[in-house]
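The values are calculated or read from the model by the stated rules, or taken from the named source; none is laboratory data. Please read these numbers as outputs of a predicted model, since none were measured by experiment. Glycine also receives a Cβ, built like all others from the backbone with ideal geometry; neighbour counts cover every protein chain displayed.
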Amino acid sequence: MVTKSVDLRSDTVTKPTEAMRAAMATAEVDDDVLGADPTAARLESEVAKIMGKEAGLFVASGTMGNLISVLVHCDIRGSEVILGDNCHIHIYENGGISTIGGVHPRPVKNNDDGTMDIGLIEAAIRDPRGEIVYPTTRLICLENSHANTGGRCLSAEYTDKVGELAKKHGLKLHIDGARIFNASVALGVPVNRLVQAADSVSVCLSKGLGAPVGSVIVGSKSFISKARRLRKTLGGGMRQLGFICAAAFVALKENVAKLEGDHKKAKVLAEGLNQIKGLRVNVAAVETNIIFFDIVEGSKITAEKLYKKLEEHGVLVMLEGPLRMRIVLHHQISSSDVLYTLSCFQQALIGVQEENGN
Amino acid sequence: MFFNGFLDFSNFLSLFFFNGWSFLETSSTCHGINSQIIWFSTLNSSTMVARTVDLRSDTVTKPTETMRAAMATAEVDDDVLGADPTASRLESEVAKITGKEAGLFVSSGTMGNLISVLVHCDIRGSEAILGDNSHIHIYENGGISTIGGVHPRPVKNNEDGTMDIDSIEVAIRDPRGELVFPTTKLICLENSHAKCLSAEYTGRVGELAKKHGLKLHIDGARIFNASVALGVPVQRLVQAADSVSVCLSKGLGAPVGSVIVGSKSFITKARRLRKTLGGGVRQVGFICAAAFVALKENVEKLDGDHKKAKELAEGLNQIKGLKVDIAAVETNIIYVDIVEGSKITAEKLYKNLEEHGVLVMPKGLSRMRIVLHHQISSSDVHYTLSCFQLSVVCTKKTGATRYQHLGMFHTRNLILKRSHS
């Protein structure tokens, strides 16, 4: 019998707080297409300021933020973008940069820490002398924190090195900063320092910061001008969107401070899981709020079976392979939830061992 | 003439009071009215704040208190990982109203049309037939091509929003020419397109589409306006269509969004493409809650908008120098033309109107568009008429004497009215 629900599938599941609902109910709004919605404008300025960029643009989702950014930087037919082979844009965005934008991806191996080797990035940049057969490289994309490698943080120094490389070859640099605030808190580095080298950043407000909807893209004024137009083309030109922005504003003001708590709980949970026979977690790799864990080979349980058992106890996780799962912490997961989760895992795995006579 | 009752009179008065001095300063053609302005300004001791009457579009509607309340208490969930309950309820409701299997909430009408065209035309080399003056073709950044790789085949829109059935049929590509032709996959109609397409016409286009194995999509941004104007249920109007895009943020007054409707399989593909375009919004229920209120409360107000539009159109048509095809005003949209040969300049007219707080949408060198919505009152309509009258008078380039007489005639009438009311 399910007595509790602990949703660890993603930090996107965060429900809006009372403060957000109140802000939405009283938001000042206007038609953002015919003119400018005042609340949206305020949010865009605020995020741009925090990021140290000239201007911002609110968009419906992180996918739209990345799609617009790539397409604006690569607005000439025949463009190519270098990005990690395990990054969100390449794996989880329906290949939109190509199917929608006509941009060719050049994936470079992501290391376990979310970086790509600088040497490999450089080797992937197309030599203009081969242009008769090559597309033209226009953009490099980084992801910080890097979700698929476990919410790993890219340092400001590494980002700067990639930025220098981009400049050297006349390329732009975009950062998928869906969880940039998590990276900033984990590294103890201000966000604007982390993204200093980037021409554009896409920042999610609907993940760990807990807003119901949306992301903000930031960049130069001319970049944002083009982005606004492309946003309209994609159908993201919303009318009185101040409501959503009001909630996002609250998220920005109130919830950055809670991220550290999420990281601490993630560490506690990771350590606890690693102690359970049959599971393995690389605890050192847990830098932010994301935990990947594996079922030890030779154990008599599959990820799918474990997933089902957990679900029966109201614990929801994300399946990532036959023996791999992912957990994401957020501010609506309490310490007691963490302990409950650990006990559910223990029960599920002990049960298996008993079944198999261990 | 235009002034029925004291309310309208005081609008006119406030107009003079507020703007009278600027009239004196800026317009040498208005000298004849000057003495009258001074007289009136002494009558009205209270200062009237300038009004804004935003007639640019019905998208400017601000959410009502009920909508705000609904948003504040909406039940929400992650609509990408699962299904937001409020969004699901809205989508089902709109599907039911339109007689289709399923629905999908999207951020805008543009996204609704873009997704619909791209899902119907998901094979490379597709072509869509649509009106040469349709919203998709003119005002959606050419997205079906630049984003979707779909080729448009525009067919002439008649004045009434239809395309000749024969012209549509001729535009359908002959498969025997496929070596050099794209493949026609889709016909798009727009209802209302200022004017309303009848269920019978839509049915005929649907039959043509079926005959050639094509799909039919209706850009139903203002389908409720068409339904109310024609007295035909929405479901009947869109019966022949495979998909419809319905706006909730226009006349129905929701802050954001549209809903696409169609078959279950169409909506499944649409949901995926919506994600690809970046329209996969998480706790989207908030927006849907407001849209729900719009659907429940504001469809019945559309008839009022249409009546006000007719009244305004008739009033404008009486102003010398302006021309409105009254018969063409079927819903909430009015096109106003500046008569050729008249001495009014469009630019000066817009500026003058703007100074009085009346906003319209220029649509060319001598044409403008006005759109009524439920947040425009009857008093706003009368105020607008007076502003037009004044603005027209003051933008004419000929000498004062010709129009001085007109101004004095009006004000003399007003004095008489005032003393009797």
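Structural remarks
- In the stretch A:60-92, residue farthest from the other protein chains (Cβ to nearest Cβ) [restricted to those that are surrounded by fewer than 24 Cβ atoms within 10 Å (Cβ to Cβ) and in a strand (DSSP E or B)]: A:GLU80
- Considering the stretch A:30-54, the residues that are part of a helix (DSSP H, G or I) and surrounded by fewer than 17 Cβ atoms within 10 Å (Cβ to Cβ) include one that is nearest to the other protein chains (Cβ to nearest Cβ), namely A:PRO38.
- Subset tally (residues that are in contact with a helix residue (DSSP H, G or I) (Cβ under 9 Å, 6 or more places away or on another chain) and either free of Cβ contacts under 8 Å to residues at least 12 places away in the same chain or of a type in the set (Gly, Ala, Ser) (or both)) for the stretch B:322-345: 3
- For B:VAL150: the one exception among (1) at pLDDT 95 or above; (2) farther than 21 Å from B:LEU273 by Cα: (2)
- Checked across the stretch A:107-120, the condition of being crowded, with 19+ Cβ neighbours inside 10 Å, of a type in the set (S, T, N, Q), within 11 Å of chain B (Cβ to nearest Cβ) and within 30 Å of A:PRO190 (Cα to Cα) holds for no residue.
- Any chance B:ASN158 is in the same structural domain as B:PRO233 (by the TED database), at pLDDT 95 or above, surrounded by fewer than 17 Cβ atoms within 10 Å (Cβ to Cβ) and not acidic (Asp, Glu): yes
- Pick from the stretch A:3-29, criterion in a loop (DSSP other than H, G, I, E, B) and not hydroxyl-bearing (Ser, Thr, Tyr), ranking: farthest from the other protein chains (Cβ to nearest Cβ): A:LYS4
- Of the residues making up the stretch A:187-238, those that are buried (at least 24 other Cβ atoms within 10 Å of the Cβ) and basic (Lys, Arg) are A:LYS207, A:ARG231.
- The set of residues in the stretch B:250-269 being in contact with a strand residue (DSSP E or B) (Cβ under 7 Å, 6 or more places away or on another chain) and buried (at least 24 other Cβ atoms within 10 Å of the Cβ) consists of B:GLY257, B:SER258, B:VAL259, B:ILE260, B:VAL261, B:GLY262.
- Just one of the listed residues (B:SER134, B:SER57) is more than 27 Å from A:SER206 (Cα to Cα), surrounded by fewer than 24 Cβ atoms within 10 Å (Cβ to Cβ) and outside the structural domain of B:ASP164 (by the TED database), namely B:SER57.
- If you filter the stretch B:101-124 down to residues that are of a type outside the set (A, V, I, L, M) and out of contact with any Asp or Glu (no Cβ under 9 Å at 6 or more places or on another chain), you find that the one that is farthest from B:LEU252 (Cα to Cα) is B:ARG124.
- Residue in the stretch A:144-162 that is of a type in the set (Asp, Glu) and either touching a helix residue (DSSP H, G or I) at 6+ places or on another chain (Cβ under 9 Å) or within 21 Å of A:VAL59 (Cα to Cα) (or both) present: no
Here's the yes/no breakdown for (1) of a type in the set (A, V, I, L, M); (2) touching a Pro at 6+ places or on another chain (Cβ under 8 Å); (3) outside the structural domain of B:GLU178 (by the TED database):
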| site | (1), (2), (3) |
| --- | --- |
| B:SER88 | no, no, no |
| B:SER92 | no, no, no |
| B:ALA95 | yes, no, no |
| B:ALA102 | yes, no, no |
| B:ILE115 | yes, no, no |
| B:LEU118 | yes, no, no |
| B:GLU127 | no, yes, no |
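- When the helices (runs of 4 or more DSSP H) confined to the stretch B:251-326 are screened for residues that are under 21 Å from B:GLN389 (Cα atoms) and either outside the structural domain of B:LYS215 (by the TED database) or more than 15 Å from the chain's Cα centre (by Cα) (or both), those reaching at least 2 such residues are found at B:302-317.
- For the stretch A:217-250, the candidate set comprises residues that are in a strand (DSSP E or B) and among the hydrophobic types (A, V, I, L, M, F, W, C); within that set, the residue that is nearest to the other protein chains (Cβ to nearest Cβ) is A:ILE217.
- Just one of (1) modelled with pLDDT of 95 or more; (2) within 23 Å of A:ASN144 (Cβ to Cβ) fails for A:GLU320. It is (1).
- Whichever residue in the stretch A:194-216 is within 30 Å of B:GLY285 (Cα to Cα), small (Gly, Ala, Ser) and outside any strand (DSSP E or B) and, among such residues, is farthest from the other protein chains (Cβ to nearest Cβ): A:GLY208
- The stretch B:134-152, subset of a type in the set (A, V, I, L, M) and under 15 Å from the mean Cα position of the chain (by Cα), residue farthest from B:ILE168 (Cα to Cα): B:ILE138
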